[in-house]
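Structure first, commentary second.
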C-alpha cells in the first residue's frame, strides 16, 4: 500500500511538473521554425518565383509563388508550426493541378524570413501576403488555406478580409485546446500567452469555411476538430477522413474530390 501511494504521488508530481514545463516553454512548442541561408535555392517540378515582402525595419517575409496559365484564382497557403518552405513548398501540387496559382509564405523566424516569431507577427505576415495578392487578383478569387497552426492564422485573416473560401486542414480549437489535449484535458489549465483560436475566428467568417480532419491524428486529436464542428454555420462544411493522420490527409481520394468541389 505504501509503495502504491508513493507511486501515485510521483505520478501526480510528474503530471503537475509537465503542466508547468509546457507553460514555461510554450514558445518552443508552438514556434518551431527552421531558418534557411539567404542563398538557399528551391527545386520543384513546377517553376516558382521567390518574393520578399518588407516591413519598415529590417524584417521581411519570404514567399514562394507558383503560377499557371490562365488561373482560376489563387491560394494563399499558411503552413504548420515547424521547419520552412523547403518542406512546405511541395504542397503546391493539388492547387496547381486544379488551375490555381499558389503563394506560400514563411512566417518571420522561419526559412529566409527575418524577424521574431510571435502570434501577432504571424497575423501581420498574413495581412501583408494578402495585400500583395489583392493588388494582383480580384479579392473573390483568393482562397485562404491553413494547415495545423496555419489554420489559426488563416481563420484570423478570414475575419478581416474578403476571399472565396476558407479551407482548414487539421485545425485545432485553440492553442489551449491542443496543449490541453496532450494532458488529456479539455483545455490547458494555466494561462497561456497565445490565443490562436479557430473557435473564436470561424463564426466571424462571412464566407464558406471547410474543415478537413483525420480520425487518427495524434498531433491535433480529432476531438479538437469536433469542437470546431460545433461552431460551423449552415454555409460551412466538414470532411472527416477515416484513418487520416496529421500528415496524410491529402492522400485520401475523399480529400481530393472535396478539394475539387471547393476549387471549382
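Key figures for this structure:
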| read-out | value |
| --- | --- |
| Residue tally, condition closer than 15 Å to residue 148 by Cβ, surrounded by fewer than 22 Cβ atoms within 10 Å (Cβ to Cβ) and touching a residue at least 40 places away in the same chain (Cβ under 8 Å), over region 206-220 | 1 |
| Subset of region 248-263 [more than 21 Å from residue 202 (Cα to Cα), free of Cβ contacts under 8 Å to residues at least 40 places away in the same chain and exposed (fewer than 15 other Cβ atoms within 10 Å of the Cβ)] | 248, 251, 253, 254, 257 |
| Residue match in region 137-156 (condition: without any contact (Cβ under 8 Å) to a residue 12 or more places away in the chain and over 12 Å from the mean Cα position of the chain (by Cα)) | yes |
| Matching residues, region 201-223, being assigned to a helix (DSSP H, G or I) and in contact with a strand residue (DSSP E or B) (Cβ under 8 Å, 6 or more places away or on another chain) | 202, 222 |
| Region 74-97, residues that are surrounded by fewer than 20 Cβ atoms within 10 Å (Cβ to Cβ), outside any helix (DSSP H, G or I) and touching a residue at least 40 places away in the same chain (Cβ under 8 Å) | 82, 83 |
| Among the candidates 54, 58, 17, residue that is surrounded by fewer than 19 Cβ atoms within 10 Å (Cβ to Cβ), in contact with a strand residue (DSSP E or B) (Cβ under 8 Å, 6 or more places away or on another chain) and at pLDDT below 95 | 58 |
| Selection from region 178-199 of residues that are over 15 Å from the mean Cα position of the chain (by Cα) and in a helix (DSSP H, G or I) | 179, 180, 181 |
| Residue that is farthest from residue 194 (Cα to Cα), among those in region 27-73 that are assigned to a helix (DSSP H, G or I) and touching a helix residue (DSSP H, G or I) at 6+ places or on another chain (Cβ under 8 Å) | 29 |
| Single unsatisfied condition, residue 109 versus (1) touching a residue at least 60 places away in the same chain (Cβ under 8 Å); (2) part of a helix (DSSP H, G or I) | (2) |
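The values are calculated or read from the model by the stated rules, or taken from the named source; none is laboratory data. Just so it is clear, the structure is predicted and the values come from calculations on it, not from any experiment. Glycine gets a Cβ as well: all are built from the backbone with ideal geometry, and neighbour counts include every protein chain shown.
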